[in-house]
Amino acid sequence: MFTGIVTAVGEVRQAREADGGLELTIACPYAELAAGESIAVDGACLTAASVSPGAFTAHLVRTTLERTGFAAYAVGRRVNLERALRVGDPLGGHLVQGHVDGVGTVIRVSQHADARLIDLRVPDEIARISIPLGSITVDGVSLTVNAISAPGTIQISLIPFTLEHTTLGERRVGDRVHLEGDTIGKYVAAMMKGEGGKGKGGG
């Protein structure tokens, strides 16, 4: 479990095919990482299969690659990181599972005073559980839905602190982002449709 509060920005050091999946080695500033630890990378919960000084390596299986944008990650790409929530840690964002529900596309970037507004085209399953002022996770960052700017499109508003401490300030029109819908909204939507036993998500 995570909160969507990014605690570090890492960088892809190596990306290579392995055993039908993908191995990503990510440089990060975390001290005392342990093999087997869960780390949210751009919002997807990955397991640190091995750890070296200043980096960890995760193996991504084919199903994860099919549900995320990781297959296109190249050496040098910066990624948002968050270590798993511990009992007693402050819940500064919202409850985030680290499951990527879908991939969205940036369709507009604009500035309003000191806020960066980003419009995202989102999959239907994300659109139907997104409400104005509700929670959404974008590339691992806990955010508030600023507006539903059009059917199938949500708008997020980024404050200067978020732009400085995450990678979202680097997103441009055409970029793809990982999305996780609000957990409560997903359960309510599933119960309304009688789909309580049909889960979906990557990571």
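Structure notes:
- Here the Karplus curve 6.51 cos²θ - 1.76 cosθ + 1.60, taken at θ = phi - 60°, turns the phi angles of region 48-57 into couplings of 6, 5, 8, 10, 10, x, x, 6, 9, 10 Hz, with x standing for Gly and Pro.
- Helix-derived mean residue ellipticity, 222 nm - over the chain, DSSP H n ≥ 4, -39500 (n - 2.57), to 500: -3500 deg cm²/dmol
- Phi-derived couplings, Karplus 6.51 cos²θ - 1.76 cosθ + 1.60 at θ = phi - 60°, listed residue by residue for region 107-119: 10, 7, 10, 9, 10, 10, 6, 9, 10, 9, 9, 10, 9 Hz, with x used for Gly and Pro.
- Intensity falloff of region 120-189 expressed as log10 I(q)/I(0), Debye formula with alpha-carbon point scatterers, at q = 0.19, 0.21 Å⁻¹: -0.73, -0.89
- Based on the Stokes-Einstein relation at 10 °C and a viscosity of 1.306 mPa s, and on the Kirkwood radius from alpha carbon pairs, the chain is assigned a translational diffusion coefficient of 92 µm²/s.
- For Val41, residues with placed amide H under 5 Å, excluding near neighbours: Leu46
- Checking every one of the GluC sites (Glu not before Pro) in region 1-34 against DSSP loop status and a limit of 16 other Cβ atoms within 10 Å picks out Glu32.
- The amide H of Val6, built 1.01 Å from its N in the peptide plane, has Ser142 as neighbours under 5 Å, considering only residues 5 or more places off or on other chains.
- Sorted fewest first by neighbouring Cβ atoms within 10 angstrom, Glu37, Glu170, Glu180 come out as Glu170, Glu37, Glu180.
- Ranked by the mean number of other Cβ atoms within 10 Å of their residues, highest first, the peptides 129-140, 79-90 come out as 129-140, 79-90.
- Note on region 8-83: along the principal axes its Cα atoms extend 31, 22, 19 Å, ordered by decreasing extent.
- Counting neighbouring beta carbons within 10 Å and listing from fewest to most, the residues Thr153, Thr144 come out as Thr144, Thr153.
Bear in mind that the values in this text are calculations on the coordinates, not laboratory data. Please read these numbers as outputs of a predicted model, since none were measured by experiment. When we count neighbours, we look across all protein chains shown, and the Cβ atoms used for this are built from the backbone with ideal geometry, even at glycine.
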